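These notes are about the structure you will find just below.
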Amino acid sequence: MSQDDLKAAGGMLLLFLDVGVAMYASTKMRRSFMTWFFMSLLVTPIISFPFLLILGPQSPDPPKEAPKPPAPGPELVPFYDVASRKVIRIPKKELAPGCVLAKVEGIGVEEPVWVAGDQLQPGPVRNTSFSEEVREYIRQIQTTFAEHRPISVEEWEDGFRRDQDPASEIGLWVHAGKVYSEFAAKEADAARRKHLYQLVICCLTAPAASIRQVLPPGPLKDAEIDAVLRKFFPARPANS
């Protein structure tokens with residue numbers, strides 16, 4: 001029972017006792033209304049005193065706490081399950097190293113989805129051929145990444161011919177090659193160069209905020225990874 005409830009109950013009890021005692025006294029004394037009134041004034045302090053001692057000074061009821069908002073759930077991202085050919089939403093933290101963000105045709109979803117990199121299948125050929133100027137850029141890409149992706153210029157060209165926007169894709173790979181070459185030139189260790197290559201590929205296939213999660217573990221330190229990200233992303237929006 002709250003303080004206000006106690007006060008209300010005590011007040012009503014005092015009132016009934018006060019009136020009852022005063023009326024009883026005035027009846028016994030066969031006095032007038034004025035006598036009853038003055039008897040009430042006299043009896044009220046006498047009756048109230050024990051209740052005041054019992055109730056005592058009451059502190060105000062503590063304010064009720066506002067209900068806490070529900071804790072936010074985990075961030076969910078679209079993931080294409082190749083086995084079931086369905087797009088499901090999984091917690092972002094469950095993305096495994098090697099996952100890439102890509103547009104997959106024929107799945108009924110326009111937005112890019114995450115998919116395991118080793119399960120990606122090449123799309124149809126969309127472009128017939130490239131000019132010699134463009135093929136020179138492809139040769140440059142092939143030379144830069146030959147240590148980690150030993151395929152021919154023709155195979156690189158075939159891959160770019162399947163892109164929806166091959167010019168943009170080739171430009172991104174040229175940029176990636178420049179970033180890789182700048183840092184790889186300082187690395188004599190093959191394991192560190194491989195990790196650097198994996199990092200650059202993640203930059204090509206994932207938003208900046210997700211790169212550390214999908215980057216396979218390796219010898220590069222956090223500060224070194226940060227340096228590569230700063231070098232790579234000025235030419236590409238971090239959330240694209």
Can you compute the modelled spin-label distance between R162 and E75, with each label point 7 Å from Cα toward Cβ, in nm?
3.0 nm
Using θ = phi - 60° and the Karplus form 6.51 cos²θ - 1.76 cosθ + 1.60, what ³J(HN,Hα) does each residue of the range 173-180 get, whole Hz, x for Gly and Pro?
5, 5, 4, 4, x, 5, 5, 4
Calculate, in nm to one decimal, what V82 and A116 gain on full extension: separation in residues at 0.36 nm each, minus their alpha carbon distance.
11.4 nm
Label-point separation in nm, L204 to E182, each point 7 Å along Cα→Cβ:
1.8 nm
Förster-model FRET efficiency, 25 Å R0, S152 and I107, C-beta, rounded to 0.05
0.25
Within the range 200-227, find all residues whose amide N lies under 13 Å from a label point positioned 7 Å from the Cα of A191 along Cα-to-beta-carbon.
217-221
Let me know the shape class of the range 76-119, please: from the alpha-carbon gyration tensor, a ≥ b ≥ c as square roots of the eigenvalues, rounded when a/c is under 1.5, otherwise prolate if a/b is greater than b/c, or oblate.
prolate
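Is the shape of the range 103-200 rounded, prolate or oblate, going by the alpha carbon gyration tensor and its root eigenvalues a ≥ b ≥ c, with a/c under 1.5 for rounded and a/b larger than b/c for prolate? Please report the intermediate quantities before stating the final value.
On the way: a/c = 2.21, a/b = 1.34, b/c = 1.65.
Oblate, since a/c reaches 1.5 and b/c is not below a/b.
Calculate the FRET efficiency for K68 and Q213 from the Cβ-Cβ distance with a Förster distance of 22 Å, rounded to the nearest 0.05.
For R0 = 22 Å, the calculated efficiency reads 0.15.
Got a sec? How would R193, R230 order by Cβ neighbour count within 10 Å, fewest to most?
Details: R193 19, R230 11.
The order, fewest Cβ neighbours first, is R230, R193.
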Add +1 for every Lys or Arg and -1 for every Asp or Glu among the other residues with Cβ under 15 Å from the Cβ of E224, and state the total.
+3
What length, rounded to one decimal in nm, is gained on full extension from E136 through to K92, with 0.36 nm per residue of separation minus their alpha-carbon distance?
12.0 nm
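Just so you know, all these numbers are worked out from the coordinates, no wet-lab data involved. It should be emphasised that the depicted structure is a prediction, and the values quoted were computed from it without experimental measurement. We place every Cβ from the backbone using ideal geometry, glycine too, and count neighbours over all the protein chains shown.
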